[in-house]
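What follows is a short report on a single structure.
The values are calculated or read from the model by the stated rules, or taken from the named source; none is laboratory data. Quantities reported herein were computed from a predicted structural model and do not represent experimental measurements. Note that each Cβ is placed from the backbone with ideal geometry, even for glycine, and that neighbours are counted across all protein chains shown. Accessible surface areas use protein heavy atoms only, side chains included; no ligands, DNA or RNA. Shrake-Rupley method; radii C 1.70, N 1.55, O 1.52, S 1.80 Å.
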Amino acid sequence: NNGIKKPKGYTVSYHANPEMEQMHFGQKHPMKPWRLTLTNKIVMAYGMHEAMDIYIPRAASSQELKDFHRGDYIDFLQRVTPSDNTWDPDSQTYAYNTGDDCPIFDGLYNYCSLYAGASLDAARKLTNHQSNIAINWSGGLHHAKKNEASGFCYINDIVLAILQLLLHHPRVLYIDIDVHHGDGVEQAFWSTDRVMTLSFHKYNRAEFFPGTGALDDTGPLNNASPGAHHSLNVPLHDGIEDAQYIKLFEDVVKPCVRQYKPTAIVLQCGADSLGGDRLGCFNVNIKAHGACVAFVKKFNLPLLVLGGGGYTPRNVAKAWAYETSLCIGAEVHPNLPAHTPFLEHFGNEKTLFPKLDFTRYENKNSRVYLESVVMGIMEQLRYLQG
Ligand code: TV7
Ligand code: CA
Ligand code: ZN
C-alpha cells in the first residue's frame, strides 16, 4: 500500500454499507448515491482502509427510526412503492411530502434504514469508546422532519445519532457545512440546551432552499426556554472564497466550543458547498472544505463525521476521500493512485485537488458583511455565560 498506517493514540472507524450505493432517485434527480462508490474507491485505492476500523453496519430497525420519527410516517415509508407516486392530493404521498424532491423509488425503505443504521453504528462506536472519530459518508441528511420527508432526506440520521450520543454526553455540538441550512436538526433540538446547532449556509429566504436559517433565528424567543440562544446560523451570500470561509469557520467555531464546552461534536460535511457544485453557489476548494474538518479534529473530542449534500459526484468523492485522510492524519499524494477504479470518471485532472469552476458565482460576501455575521454570533454566545 501507500505506507498509510493506523493513527497513533486514537482510533478512526469507517461505516459504509455498499448495498445503498446502487439506489436510484430517478434519472434527472441530483442526488446520486453512486457518489459513495466513487468515494470508497478513492479511499481504498490510497490504502486508507488499513488505517481505520471498517464496519458494514446493519440497517436500523423501524423501532430505532421511531426514536425520532412518528410511527405512522415510518410505517408509510416501509409500505409505499413507486406505483404510489400519484398526483392525487388526498394521497399520503402529499401528507408526508414525498414527490419531486423526495421521490418514492425502489428500495427506498432499505436505503433509509441503511444510512440511518450507519450513523447509529458510528455514534455507538463513539459512546462505547471504541472509536475517537467515526465516519459515515452516507449520512448527514439534515432536512428530514419528525413526520415528513424534505429536500432529498427521508430519515434524519443526524438527529438519531445525536440522541444516541445524548445517552452518554451532556452536551453535543452539531456543525453543518452543507450549502443548505440544517433545518431538520435545528428544529429537533430547538428547545433544548443539550445540543447546540451551528449551520453555515447560503441564505435567501425567497429563493434558496429551505429558506430558513437567518442570523437572528437562534432558538425560542422566550429566554426561559433552555434552547434560547442554542441554535446558531451563519447566513452567507453567493461565491464565498477559501480564505474567507476558513477564517469565518474558525472565528465562529472556536468561541462556540469555548463557551458551550461540548463533550462530543457531530460534523456534517455536505460537499455542495464546494465550487462547481450542481446545486451550490460557493467558491470553496476541496482543501478549504477539508480545513474545516482538520480544525474540528484539533479539539480532540469524540467526533462523528457525516456526509450530506454534494451534486458533482467526482468532486464529492475527492473531498470526502481527502477528509478521510485528514481524520486518520495521513498525508496522501495529491495525484489519484493510477489503479483507482473508475479513474475515467474523475475528469482530466486526476488529482484530489482539481481547479474547481468558479466562473458561475461572483463573490457577494464583503469583509464587512462577514465581520457583522461573526459579531452577531458572538452576541448570542454572550448569553450562554450566566
Ligand atoms: C442535503 N434544489 C439537500 C438539498 C435539497 C434541495 C432543490 C432541486 C432539484 C430537484 C429535482 C431535480 C433539482 C436541479 C434543487 C422548491 C422546489 C424546487 C423539484 C423539481 N432537479 C441537502 C431541495 C431543493 C428533483 N428544493 O441539503 C427531480 O435541481 O428548491 C427546492 C423546492 C420544489 C420542488 N422542485 C424544486 O443537500 C442532502 N431541488 C430533478 C429531478
Ligand atoms: Ca449548512
Ligand atoms: Zn445541501
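Report yes if Gln22 is within 24 Å of Gly309 (Cα to Cα) and within 16 Å of ligand 1 (Cβ to nearest atom), otherwise no. Against the criterion (within 24 Å of Gly309 (Cα to Cα) and within 16 Å of ligand 1 (Cβ to nearest atom)), Gln22 does not qualify. Taking every residue in the stretch 163-191 that is under 12 Å from Val266 (Cα atoms) and pairing it with any residue that is open to solvent by 10 Å² or more (accessible area, probe 1.4 Å) and within 16 Å of ligand 2 (Cβ to nearest atom), at least 6 positions away or on another chain, the pairs with Cβ-Cβ distances below 8 Å are Tyr174/Phe189.
Scanning the stretch 167-220 for residues that are within 17 Å of the chain's Cα centre (by Cα) and on the phi > 0 side of the Ramachandran plot yields a single hit, Gly213. Is the stretch 249-266 home to any residue that is among the aromatic types (Phe, Trp, Tyr), within 19 Å of Trp320 (Cα to Cα), more than 16 Å from ligand 3 (Cβ to nearest atom) and in contact with a Phe, Trp or Tyr (Cβ under 9 Å, 6 or more places away or on another chain)? Yes, there is a match, as at least one residue in the stretch 249-266 is among the aromatic types (Phe, Trp, Tyr), within 19 Å of Trp320 (Cα to Cα), more than 16 Å from ligand 3 (Cβ to nearest atom) and in contact with a Phe, Trp or Tyr (Cβ under 9 Å, 6 or more places away or on another chain). Restricting the stretch 40-73 to residues that are assigned to a loop (DSSP other than H, G, I, E, B) and open to solvent by 40 Å² or more (accessible area, probe 1.4 Å), which is nearest to Ala338 (Cα to Cα)? Checked the stretch 40-73; the qualifying residue nearest to Ala338 (Cα to Cα) is Ile56. For the stretch 284-304, the tally of residues that are within 16 Å of ligand 3 (Cβ to nearest atom) and either in contact with a Cys (Cβ under 7 Å, 6 or more places away or on another chain) or more than 22 Å from His15 (Cβ to Cβ) (or both) stands at 1. Taking the conditions exactly as written (more than 21 Å from the chain's Cα centre (by Cα), open to solvent by less than 10 Å² (accessible area, probe 1.4 Å), hydroxyl-bearing (Ser, Thr, Tyr) and away from ligand 3 (no atom under 16 Å from the Cβ)), does Tyr10 satisfy them or not? No: the conditions fail for Tyr10. The set of residues in the stretch 153-171 being assigned to a loop (DSSP other than H, G, I, E, B) and open to solvent by 20 Å² or more (accessible area, probe 1.4 Å) consists of Leu167, His168, His169, Pro170, Arg171. Count of the stretch 195-204 residues, restricted to those that are within 23 Å of Arg382 (Cβ to Cβ) and open to solvent by 10 Å² or more (accessible area, probe 1.4 Å), is 1. The number of residues in the stretch 317-329 that are open to solvent by 10 Å² or more (accessible area, probe 1.4 Å) and either among the hydroxyl-bearing types (Ser, Thr, Tyr) or farther than 24 Å from Tyr245 by Cβ (or both) comes to 1.
Residues checked against (1) without any contact (Cβ under 8 Å) to a residue 40 or more places away in the chain; (2) within 30 Å of Asp100 (Cβ to Cβ):
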position	(1), (2)
Ala16	no, yes
Gln27	yes, yes
Pro30	no, yes
Ile42	no, no
Tyr46	no, no
Met52	no, no
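Scanning the stretch 340-363 for residues that are within 23 Å of His49 (Cα to Cα) and open to solvent by 30 Å² or more (accessible area, probe 1.4 Å) returns Pro341, Phe342, Leu343, Glu344, His345, Lys350, Phe353.
In summary, Asn223 fulfils each of the numbered conditions (1) more than 18 Å from Asp272 (Cα to Cα); (2) modelled with pLDDT of 95 or more with the single exception of condition (2).
Looking at the stretch 205-251, which of the residues that are away from ligand 1 (no atom under 16 Å from the Cβ) and in contact with a Lys or Arg (Cβ under 6 Å, 6 or more places away or on another chain) is least open to solvent (accessible area, probe 1.4 Å)? Full working, then the answer.
Quick first cut of the stretch 205-251, residues away from ligand 1 (no atom under 16 Å from the Cβ) only: 214-232, 237, 239-251.
Okay, now just the ones that are also in contact with a Lys or Arg (Cβ under 6 Å, 6 or more places away or on another chain), so 237, 239.
Values: His237: 64, Gly239: 0 Å².
Per the stated criteria, the residue is Gly239.
Those residues that are β-branched (Val, Ile, Thr) and either within 16 Å of ligand 3 (Cβ to nearest atom) or assigned to a loop (DSSP other than H, G, I, E, B) (or both), I need them from the stretch 191-222; list them, please.
Taking the stretch 191-222 first, the residues β-branched (Val, Ile, Thr) are 192, 195, 197, 212, 218.
Result: Thr192, Thr197, Thr212, Thr218.
Within the stretch 223-273, the set of residues being in a helix (DSSP H, G or I), closer than 30 Å to Pro33 by Cβ and within 15 Å of ligand 2 (Cβ to nearest atom) comprises Tyr245, Phe249, Val253, Ala271, Asp272, Ser273. Evaluation of Ser131 against the conditions (1) among the hydroxyl-bearing types (Ser, Thr, Tyr); (2) modelled with pLDDT of 95 or more; (3) open to solvent by less than 10 Å² (accessible area, probe 1.4 Å); (4) more than 22 Å from the chain's Cα centre (by Cα) shows that the sole unmet condition is (4).
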